[in-house]
Amino acid sequence: SMRNLPSDLEEAARTTGASIWQVSRDVTLPMVMPALIFAASLNVLLGFETFGIPLVLGDPNGIMVLTTYIYKLTTLFGTPTYQLMAVVAVVLILITLPLVWMQRRLLRNARKYVAMGGKGARVSTLKLGKSGQIIALSTIGFWLFVSVGLPIGGITVRAFVDAWGEGVNLFDQLTFANFDHLLEVPSLIRGIVNTVILSVVGGAVAVGIYLMVGLAGHRNWGASNTLLDYIVLLPRALPGLVIGLAFFWVFLFVPFLTPLRPTLVSIFVAYVVVGLSYGLRLLQGTLLQVAPELEESARTTGATIGRTWKDVVIPIVRPGLAGAWALIMIIFLREYATGVYLMGAGTEVIGSLMVSLLQTGAMNTIAALSLISVVLTGAGLALALRLGAKIHD
């Protein structure tokens, strides 16, 4: 949203004598408010459905959340605890409904967020002073070191050693055996290949689906769009374990879907539903910034709605499509809870494999898979950024 914001709005504020901080606070921040509201609502729901981090860090210390509680009960009794899953789903849905209502209320007057008219492009006109640059770069650098450098560094080291702990000389434990083991186990190789296919190809197909859904609700402020807003966020409110189990039973008991259960199609469909709120909200935040006059001009020349979308709206939001694909690709790469119940011979993915390996204590293999996942994510981001640069050119 910030990238798509034309610089003339900020330039106008600067010509009146406003400082860069005032421009950021009074112009840039309000104009990207839809994206901020969408992100805030998604992050609230993400907190409810997070599974992997509480399982690894909280469970050994006796700290449980809803998702790990459901998983442990299922593991303990050997069968899914449907009644508890149903209660959790209802509670989270009740939390989601007022959240969507508040979001729609905040975005009621969407026209004030329009930023892309007939002309206008993002140009680097706002520059921080020397002291501001030092403060900003120091803050960003420290945050990146703590949140990115340390975790990835730890994963990288752990992937290349066969022992880890106090008093262990890591240089004496360096080895490639962890990766050699991956090549010896067919299910692990299939998991890596399946993850790449689902994230890269499946992510691109998912973005196309989300774009069609987003365009269907574009400029539509009636009851159908209200219903769409609620439907989009409800799946995200449910833990991935619940969604994965639900799709497992759908593909198991619906006759014409049963042949698809042992294939990647079942996981792809579940992933599309899980990523719907992220992808659609990202695209909607971009679509809201397109001035309606552009579409009205095309309609007055006799263009159909489909032609208007094809020749006007989609070319303008194309950079947003690259960003959406990058986000969905990462979501599909890291998704693990949804595939726990859908995983079978031939449908393994990295995330679900790591969850199953965690129960056996195979930390060497988990570290190697984690590093591969990090590398795949980095490669996908680099590709998406390069694609985005070409689109802007």
| task | Obtain the nm distance between the two label points defined at A18 and A345 by a simple spin-label model: each point lies 7 Å from its Cα along the Cα-to-C-beta direction. | result | 6.5
| field | For segment 20-36, Karplus couplings with θ = phi - 60° (6.51, -1.76, 1.60), whole Hz, Gly/Pro x | value | 4, 5, 5, 5, 4, 6, 9, 10, 5, 4, x, 6, 9, 4, x, 5, 5
| query | So, in nm, how far is label I305 from label L46 when the simple model puts each one 7 Å beyond its Cα toward the Cβ? | reply | 3.3
| note | Exposure-ranked with fewest Cβ neighbours within 10 Å first, R386, R334 stand as R386, R334
| query | Can you put W101, W325, W21 in order, fewest other beta carbons within 10 Å first? | reply | W21, W101, W325
| request: Specify the inter-centroid distance of segment 177-218 and segment 1-54, based on alpha-carbon positions, in whole Å. | output: 30
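If packing is taken as the mean number of other Cβ atoms within 10 Å per residue, what is the order of 294-307, 351-364, 148-161, highest first?
Values: 294-307: 12.9, 351-364: 17.4, 148-161: 15.0.
Taking the mean over residues of other Cβ atoms within 10 Å, the ranking is 351-364, 148-161, 294-307.
All of the numbers you see were taken from the coordinates with simple rules; none came from a lab. Because the structure is predicted, anything quoted here is derived from the model rather than measured. All Cβ positions, even for glycine, are placed from backbone atoms using ideal geometry, and neighbour counts span all protein chains on display.
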